[in-house]
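One structure is given here, and the rest of the page talks about it.
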Amino acid sequence: MRGVPWATAILLAAAASAAGADMVILKDGRVVEGIPVTKEADALLLRYPSGEVRLPLSLVEDFLSESSPPAPPADEEERARAAEGKVRWKGKWVPAAVREKEARKELDRKRKELEEARSHSEWKDRYSFATKNFAIESTQPESMNREFAERLEGYFQAFAKRFKVSVPRDWGKLKVCFYGGREDFLRTSGAGGGVLAYYRFVEPRELNFYYDRLDPQSSVDCLFHEATHYLIDLVDPAFQYPHWLNEAMAEYFGASEWDPGRKAFALGAIQHGRLAELRAEREVGKNVLLRDLVSDESGAYMHYYWGWSLVHFLMESPKYSKKFEKFFVDLATARDVDRRPHPSFQGMTVQKDGQECLKTFLSRMGLREKDLDGLQAEWYAWIDALPAGDVRALEEAGLRAYAEGSVRFRAPRLLKEAIDKGSTRTAVRVRYAICLLGKDEKEEAVRMAESAVLLDPLDAGVREALAFVLHQAGKPEEAQKVLALAKEIDPGRDFLDFAVMVKLAEGKSE
């Protein structure tokens with residue numbers, strides 16, 4: 001689900017607030033309070049017990065102080081304004097007394113917001129509220145809850161109108177659980193280690209996801225991918241679609257773009273990360289045959305990108321879209337489609353087999369077996385004609401390849417290409433550093449992890465990763481120092497010991 005970024009969350013980066021203390025507000029919403037701060041020409045210097053953190057002003061929204069005077073004038077304009085008794089405040093020149101008064105008001109407001117956020121930051125104290133179709137539980141700020149609830153309802157209405165579906169009366173509202181971070185998500189939801197979000201399709205039905213501060217767009221994408229699985233269930237609640245079609249449709253609809261002004265969605269956005277994965281395979285001659293994909297009964301990962309591309313091609317084609325939608329609905333509901341009992345869940349059905357799916361596809365698309373090669377050629381041409389993505393496409397493809405365990409070849413190639421083209425995502429550099437460790441390129445791995453820290457000096461998770469890389473590179477004393485500072489930056493974070501991190505970093509061979 002693409003669109004305008006969500007409202008920034010109020011997240012506490014350092015505990016131990018103190019009345020009268022300085023407060024640093026980062027552009028991504030994090031707040032640091034209770035740490036001694038010195039302002040330099042182009043950075044803030046935060047002094048923790050285990051070391052100093054240099055925070056570039058480019059990352060800082062505001063530095064509020066009740067006790068510290070403004071920084072000395074840095075240029076001729078500031079010296080001239082200082083002579084008039086004025087200082088800079090929120091991009092304007094104001095009298096020093098006005099700045100002091102406004103700074104106190106801003107500090108008070110931010111402290112109230114922080115207190116409100118803290119009061120609901122534990123799952124036992126979560127917000128609980130309902131919309132027309134969803135029962136939402138969340139540890140996120142109220143402004144963010146309102147925003148994602150509005151999108152979720154709008155998404156439901158758009159899908160329901162297109163496929164003419166409704167919620168069975170005995171289902172009630174879908175429970176949606178929204179966590180403040182990955183640690184809370186894993187600890188409370190019961191999700192597995194590699195899961196970003198999940199929808200439970202049997203009773204009690206619920207959707208779980210978390211807010212990724214470093215990549216808010218991924219949070220949105222994962223939410224609406226999983227929400228699509230719920231909406232697909234409404235086509236026929238007793239039928240489970242084959243994996244390739246279920247995931248492909250979730251990828252297609254999950255990329256819809258939200259217009260907050262019009263309160264509407266636009267379908268058909270290109271999944272550039274999936275496209276990059278797809279083209280990486282096509283470049284080395286790995287192609288999937290159309291008949292093999294449609295008749296596939298496995299749960300293969302390639303369904304996410306090869307399946308997405310087929311659905312995107314058919315749904316965006318005026319020639320094929322209505323026929324494909326009919327295939328999609330009829331596979332679950334038409335009387336002439338053979339189905340069998342679900343092997344695991346009583347009362348549910350699945351397609352008889354992959355050949356039944358292929359037969360239904362041919363029938364609803366108005367094709368014969370011999371026509372598949374021609375349609376496949378159109379599909380491949382569509383893939384090749386799609387515009388190439390930007391750096392984010394390489395980032396997404398590389399991170400997905402890493403998550404799949406392809407840490408020897410595919411992930412490092414894609415991640416390095418993203419970095420070479422200017423990626424500034426810390427996750428990309430951290431994952432690439434782990435890949436380099438696997439290639440025994442230890443010094444380069446350390447350099448890459450250190451570059452990630454420079455991008456976000458106050459991310460304790462990135463410093464934890466640097467500590468792990470240093471440990472694996474044979475520098476245990478440096479690793480412990482880095483880890484000690486990370487724990488002071490974010491004392492509320494759950495840190496893993498190095499032995500556990502070694503296990504998590506091991507990927508399967510390709």
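Looking only at residues of the stretch 299-324 that are touching a Ser or Thr at 6+ places or on another chain (Cβ under 9 Å) and aliphatic (A, V, I, L, M), we find that the one that is surrounded by the most Cβ atoms within 10 Å (Cβ to Cβ) is LEU314. What do you reckon, is ARG109 among the basic types (Lys, Arg) and under 25 Å from MET144 (Cα atoms)? Against the criterion (among the basic types (Lys, Arg) and under 25 Å from MET144 (Cα atoms)), ARG109 qualifies. Look at the stretch 112-132: where a residue is surrounded by 13 or more Cβ atoms within 10 Å (Cβ to Cβ) and a partner is among the hydroxyl-bearing types (Ser, Thr, Tyr), sitting 6+ places away or on another chain with Cβ atoms under 7 Å, you get HIS120/TYR127; HIS120/THR139; SER121/THR139; TRP123/THR139; TRP123/THR188; ARG126/SER138; ARG126/THR139; TYR127/SER138. Note on the stretch 341-366: residues that are out of contact with any Lys or Arg (no Cβ under 8 Å at 6 or more places or on another chain), surrounded by 16 or more Cβ atoms within 10 Å (Cβ to Cβ) and not in a helix (DSSP H, G or I) amount to 1.
Can you tell me which of ASP373, ASP384, ASP390, ASP459 is within 18 Å of the chain's Cα centre (by Cα) and not assigned by TED's automatic domain parsing to the domain that holds PRO491? After ruling out the rest, the residue left standing is ASP390. Taking the stated definitions as given, is PHE156 modelled with pLDDT of 90 or more and among the aromatic types (Phe, Trp, Tyr)? Yes, satisfied.
Of the residues making up the stretch 95-112, those that are within 22 Å of GLU78 (Cα to Cα) and either among the aromatic types (Phe, Trp, Tyr) or part of a helix (DSSP H, G or I) (or both) are ALA96, ALA97, VAL98, ARG99, GLU100, LYS101, GLU102, ALA103. Taking the listed residues GLU106, GLU77, the one that is loosely packed, with under 15 Cβ neighbours inside 10 Å and either of a type in the set (D, E, K, R) or at pLDDT below 85 (or both) is GLU77, with no other qualifying. The selection criterion, being of a type outside the set (A, V, I, L, M) and under 26 Å from ALA255 (Cα atoms), holds for GLU395.
Residues checked against (1) within 21 Å of TYR304 (Cα to Cα); (2) touching a residue at least 60 places away in the same chain (Cβ under 8 Å); (3) not assigned by TED's automatic domain parsing to the domain that holds LEU455:
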position	(1), (2), (3)
TYR198	yes, no, yes
TYR211	no, yes, yes
GLN217	yes, yes, yes
PRO237	no, yes, yes
ASN246	yes, no, yes
MET249	yes, yes, yes
SER256	yes, yes, yes
GLY268	yes, no, yes
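Against the test of being at pLDDT 90 or above and in contact with a His (Cβ under 8 Å, 6 or more places away or on another chain), the options TYR179, TYR127 yield a single qualifying residue, TYR127.
Of the listed requirements (1) touching a residue at least 40 places away in the same chain (Cβ under 8 Å); (2) part of a helix (DSSP H, G or I); (3) buried (at least 17 other Cβ atoms within 10 Å of the Cβ); (4) of a type in the set (D, E, K, R), GLU137 misses just one: (2). Applying the selection to the stretch 272-292, what residues are crowded, with 22+ Cβ neighbours inside 10 Å and either closer than 14 Å to ASP390 by Cα or of a type in the set (Asp, Glu) (or both)? Scanning the stretch 272-292 gives GLY273, ARG274, LEU275, ALA276, GLU277.
Restricting ALA411, ALA403 to those that are under 15 Å from TYR301 (Cβ atoms) and touching a Phe, Trp or Tyr at 6+ places or on another chain (Cβ under 6 Å) reduces the list to ALA411.
Within the stretch 394-436, the set of residues being among the acidic types (Asp, Glu) and surrounded by fewer than 22 Cβ atoms within 10 Å (Cβ to Cβ) comprises GLU404, GLU417, ASP420.
The values are calculated or read from the model by the stated rules, or taken from the named source; none is laboratory data. These numbers were taken from a predicted model, which means no experiment stands behind them. Neighbour counts run over all protein chains shown; Cβ positions are idealised from the backbone, glycine included.
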